[in-house]
1. Kindly indicate the residue of region 1-50 that is β-branched (Val, Ile, Thr) and either out of contact with any strand residue (DSSP E or B) (no Cβ under 7 Å at 6 or more places or on another chain) or in a strand (DSSP E or B) (or both) and also modelled with the lowest pLDDT among those meeting that condition.
2. Quick check on my filter: what residues within region 42-55 are open to solvent by 90 Å² or more (accessible area, probe 1.4 Å), in contact (Cβ under 8 Å) with a residue 12 or more places away in the chain and of a type outside the set (Phe, Trp, Tyr)?
3. Output the qualifying pairs, or none if there are none: Cβ atoms under 8 angstrom, residues six or more apart or on different chains, first residue in region 11-25 and over 12 Å from residue 53 (Cβ atoms), second residue of a type in the set (Gly, Ala, Ser) and surrounded by 15 or more Cβ atoms within 10 Å (Cβ to Cβ).
4. Pairs, please: C-beta under 7 Å, at least 6 apart or cross-chain, first residue outside any loop (DSSP other than H, G, I, E, B) and in region 56-76, second at pLDDT below 90 and surrounded by 12 or more Cβ atoms within 10 Å (Cβ to Cβ)?
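The values are calculated or read from the model by the stated rules, or taken from the named source; none is laboratory data. The structure displayed is predicted, hence computed values, not measured ones. Neighbour counts run over all protein chains shown; Cβ positions are idealised from the backbone, glycine included. These area figures cover heavy atoms from the full protein model, side chains too; ligands, DNA and RNA do not enter into them. Shrake-Rupley method; radii C 1.70, N 1.55, O 1.52, S 1.80 Å.
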Amino acid sequence: PQSPPPIPGTVSYYVAVGGQQTGPFNKEGLTELADRQQLTKETLVWKQGLSEWVMAGNQSDLQDLWTNTPPPLPKL
């Protein structure tokens, strides 16, 4: 049996966390990961249509994850 097609307008991303593939996450789940600093612009992500894992910061549809969260604290 074939799985149902994704709901239009929802993008599911897989996220590399600690060297492990996690997901898929919808935008709400990705926002949660970003809030917990588990998803940064350097985190590798993949979604349907990508030929390889890419840095989240390079994905135009993810930019708003960082525009409304403060930057990470500087390392002392």
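1. Of region 1-50, the ones β-branched (Val, Ile, Thr) are 7, 10-11, 15, 17, 22, 31, 40, 43, 45.
With the extra rule that they be either out of contact with any strand residue (DSSP E or B) (no Cβ under 7 Å at 6 or more places or on another chain) or in a strand (DSSP E or B) (or both), the set shrinks to 7, 10, 15, 17, 22, 31, 40, 45.
Details: 7: 55, 10: 72, 15: 97, 17: 91, 22: 96, 31: 93, 40: 95, 45: 97.
Ranking the candidates gives 7 first.
2. Within region 42-55, the first condition is being open to solvent by 90 Å² or more (accessible area, probe 1.4 Å), and the residues that meet it are 42, 48, 51-53.
Now drop any that are not in contact (Cβ under 8 Å) with a residue 12 or more places away in the chain, which leaves 42, 48, 53.
Matches in region 42-55: 42, 48.
3. Correct list of pairs: 12/23; 22/16; 24/12; 25/12.
4. These pairs meet every condition: 61/11.
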